[in-house]
Amino acid sequence: MDKEYTVAIYADSLDQNPDIKTFGSYYDAQDYAHDMVAEAVQWRVDHSPYSISEEELEQMYEEEWCLVRFSEKDVKTDNDPHIEDGWVRF
């Protein structure tokens, strides 16, 4: 069986309609999540009227990562065997 990886990016903790993307590779899903978190933090830094310390920047990253959810699901392909009546069928 193949796997399918889903990344859900929430705008805030009460968001009921997250941005959901599905990938066939764990690494693609991970790259997407990293890019979205970096983009969100950069937006916050660019629009802040104050200078941001390293500690505040780390806190922003932590806050954004709390809004990311990963899930993994098995995906059945035509080549996968399945069992019927105790027999393995292809």
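The values are calculated or read from the model by the stated rules, or taken from the named source; none is laboratory data. None of the values given here were measured: they were computed from a predicted structure. Every residue, glycine among them, receives a Cβ derived from its backbone with ideal geometry; neighbour counts consider all protein chains shown.
What is the residue count in region 10-60 for residues that are over 15 Å from Glu72 (Cα atoms), touching a helix residue (DSSP H, G or I) at 6+ places or on another chain (Cβ under 6 Å) and of a type in the set (A, V, I, L, M, F, W, C)?
Of the residues in that region, 5 qualify.
If I go through region 1-12 residue by residue, how many of them are surrounded by 14 or more Cβ atoms within 10 Å (Cβ to Cβ) and assigned to a strand (DSSP E or B)?
Count: 6.
Just checking, does region 13-21 include any residue being surrounded by 14 or more Cβ atoms within 10 Å (Cβ to Cβ) and among the β-branched types (Val, Ile, Thr)?
No, there is no match, as no residue in region 13-21 is surrounded by 14 or more Cβ atoms within 10 Å (Cβ to Cβ) and among the β-branched types (Val, Ile, Thr).
Looking at region 67-87, can you tell me whether even one residue there is loosely packed, with under 10 Cβ neighbours inside 10 Å, aromatic (Phe, Trp, Tyr) and modelled with pLDDT under 95?
yes
Go through region 20-44 and count every residue that is in a strand (DSSP E or B) and under 9 Å from the mean Cα position of the chain (by Cα).
Looking only at that region, the number is 3.
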